[in-house]
Amino acid sequence: MPAPHERGPQRRRRVLALSAVCPCEAISPAPLLASLVSLAADVAGRHDVAAFPALRSGAREAVRLAGVLLAFLEAVRDAAGSADVPLPSKAVLGLSELHVALQKLRFLLADCARRGARLWVLMNAELVASELRVVLGSVATAMDALPRDVVGASDEAGELGRMVSEQAWRAAVRPDAEDERAARSVRSVLAWFGSGVTPGAEDAKLVLGRVGIASWSDCSEEAAFLEAELLERLEAGGENDNDLVLISGLMAFLVYCSVVLFDRMDSKKADAAAPVTRPASCAAWINPEALQCPITLELMTDPVTVATGQTYDRASINKWIKNGCRKCPVTGERLRNAEVVPNVAVRGVIEQLLLSKGASLHEPSSKHRCAVDKTAAPFGAVSAGGVRLAVAFLIARLSRGTPEEQKKATYEVRKLSKRNVFYRACLVEADAVPWLLHLLSSTDASVQGNAVAGLLNLSKHPAGRRALMEAGGPGLIVDAVNVAAKVEARQNAAGVLFYLSSNPKYCEEISRIPEAIPTLVHLVREGAYRGRKNALVSLYGLLQCVDGHGKAVSAGAVAVVAGLLSAGGDRGDDLALDAIALLARLAEQPAGARAVVASSALVTRLVDFLGEEASRSAKEHCVALLASLGRHGGDKVLALLGKLPGLMPALYALIADGSPQAGKKARWLVNEIHRHYEQRQPPSAAPAPLAAAGDRIVRV
């Protein structure tokens, strides 16, 4: 019988939640006994008790008991085999109870030894000890419930069975003295955090040494686990969960340790005793680009496969399909259905890659963003104090550290600013923005890239945007879009301009920078997919300012965007939506409308696009654009539109099935085209090109 974790993909089990699967009632005793032998061997094989961060004596006793139980089960199996007498069916109940208890014991020991959860296990040592006592009691109860003809299958089996029962009942499991001392040290450090006092390094080192956290990457792994635990509890609606305060405080403790106690960043070291396929060795041959979602170019967190065999991130492909795009983004084939299948193999490779870098992959959720937003305020003074102390240390390193210290500090800022809203607020309050802007001129590409990424994250916070403007950041950000050493840095810099453009006042200031709009137009022309997308949405924001329209037209924005619409490609539909939205905003002003109309091929492409299987949003932007062209271009444009055969059916379809706003614009455009041809033709003239012979013009 397969173990519960072998039954296929399922939601990850919570740590210290010992869910087990009860064997079915119709199972035969022989396969049940074979599965029990396998389970007991797995538990008894955990000889490295030093891997347990807490409750080592209890773990040692549980492993020893599992060894005796394994010997008992093997003796029962051998006795039944030598006598050629099958086990009685009445043994199923006792063996099933023993199977469930062994599953829980294996889960508990695996959680206690799990890398990443060590600090959490230490602080829950009392709970772990209680759970272990309950599980061992279940083992003893199951042994007592076994029929005598099973326990006494042989003299050896009978003696071993009595030994298992007695040892399980007698087991006195409690936290070790060293566990209690380390937990007190953690509470002491957290109390200092709450008072805003810098803790002693020795206390923190004592805790880290006890649980086996020996490097910066170990700290990152522990923090990633706690963050996933925090978000999962928030998503489950546990805002009043007392554990949230402890988890948040422990995260602050680990952030402080990784920032203050470790002078350098390191990659995850492979365990010498691990199999050949350990994460560090896998990371050597994994190509991270192959694990990016083809739609977002971000590392997939929940890879799924569609009907065409291509793999995407679940959230991205679901959004793609929801927007009305029923073609595979990579192959262009029509999707026969919207069903997706989890790609377990790719997910496993991604997890190995992240583990090799000291990170973890927690379960994705549509509520993730909501959970992150809930962390806008800290869960208690402890978390707030710890994070502020760590941030103050980072700002000191940014301002007067050595080049290596600045490199580490910019990476830490990048990580913290991405984690949650409260961390961003702390960094802004500590004046991180001016120092990050200063480091944009660094000759070290890594420092420059981390500084831009940190500014991108901080620009998502209103106070961060304000700090960027007050520090004279837009000019430096525009320069970074132009000359940053790495492509990723240029793309992120364009993203900063997008967030700044959310404020009309900031738009005006950015638009006054002579190079701002031409730089973004250049990125749309020459950039990679993500750079083009960031530049398009940034231009869309900047065009809130009327003065920007003329600059965009002068910089050749219309021709560049027209090139995107005609190029298409693997992600053409995705970029097309942003491109049409930008053209629609440009055409709101006469100069932009004239530039669009000047390209008859572009107008024809827009009409063709309106009739294709485009998304609802794309069609709404497209009809808004055509309406603006008709409004600013007058009879000349209306005459041109009336000659395009595919336009009128598409407009009537929008009137019937589109949104109220799209239907209103389509109705206006239809009426204006009809009005134009009615005014041009005298009563005795031949029918207008708009209506073929025998057709009747319908007013809407």
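The values are calculated or read from the model by the stated rules, or taken from the named source; none is laboratory data. Predicted, not measured: the structure shown is a model, and the values here were computed from it. All Cβ positions, even for glycine, are placed from backbone atoms using ideal geometry, and neighbour counts span all protein chains on display.
Miscellaneous remarks
- Identity of the residue in region 302-332, assigned to a strand (DSSP E or B) and closer than 29 Å to Gly658 by Cβ, that ends up nearest to the chain's Cα centre (by Cα): Tyr312
- Cβ-Cβ contacts under 6 Å between residues 6 or more apart (or on different chains), taken from a first residue in region 618-641 that is closer than 11 Å to Ala584 by Cβ to a second residue that is of a type in the set (Asp, Glu) and at pLDDT 85 or above, are listed as Ser628/Glu588.
- Only one of the numbered conditions (1) modelled with pLDDT of 80 or more; (2) in a helix (DSSP H, G or I) is violated by Leu610, and that is (1).
- Scanning region 28-67 for residues that are over 36 Å from the mean Cα position of the chain (by Cα), aliphatic (A, V, I, L, M) and surrounded by fewer than 19 Cβ atoms within 10 Å (Cβ to Cβ) gives Ala30, Ala34, Val37, Ala41, Ala44.
- Yes/no for Val128 being in a helix (DSSP H, G or I), in contact with a Cys (Cβ under 8 Å, 6 or more places away or on another chain) and under 21 Å from Leu208 (Cβ atoms): yes
- The selection criterion, being within 30 Å of Gly380 (Cβ to Cβ) and surrounded by fewer than 21 Cβ atoms within 10 Å (Cβ to Cβ), holds for Pro462.
- Elements of type helices (runs of 4 or more DSSP H) contained in region 383-448, each with 3 or more residues being more than 19 Å from Gly196 (Cα to Cα): 403-419, 432-438
- Options Val135, Val207; residue that is out of contact with any Gly (no Cβ under 9 Å at 6 or more places or on another chain), among the β-branched types (Val, Ile, Thr) and over 28 Å from Ala20 (Cα atoms): Val207
- For region 651-680, residues that are in contact with an Asp or Glu (Cβ under 9 Å, 6 or more places away or on another chain) and under 17 Å from Asp608 (Cβ atoms) total 1.
- Positions within region 84-125 being among the charged types (D, E, K, R) and over 29 Å from the mean Cα position of the chain (by Cα), in sequence order: Asp84, Lys90, Glu97, Lys104, Arg106
- Subset of region 177-205 (residues that are under 28 Å from Ser130 (Cβ atoms) and modelled with pLDDT under 85): Asp203
- Meets criteria (modelled with pLDDT under 85, in a helix (DSSP H, G or I) and in contact with a Leu (Cβ under 8 Å, 6 or more places away or on another chain)) for Ala80: yes
- Meets criteria (among the aliphatic types (A, V, I, L, M), at pLDDT below 95 and touching a Pro at 6+ places or on another chain (Cβ under 9 Å)) for Ala445: no
- Hits in region 333-350 (condition: touching a residue at least 12 places away in the same chain (Cβ under 8 Å) and either of a type in the set (D, E, K, R) or not in a helix (DSSP H, G or I) (or both)): Glu333, Leu335, Arg336, Asn337, Ala338, Glu339, Val340, Val341, Pro342, Asn343, Arg347
- Region 627-649 - residue that is outside any loop (DSSP other than H, G, I, E, B) and charged (D, E, K, R) and, of those, modelled with the highest pLDDT: Arg631
- Note on region 525-561: residues that are crowded, with 24+ Cβ neighbours inside 10 Å and not in a helix (DSSP H, G or I) total 1.
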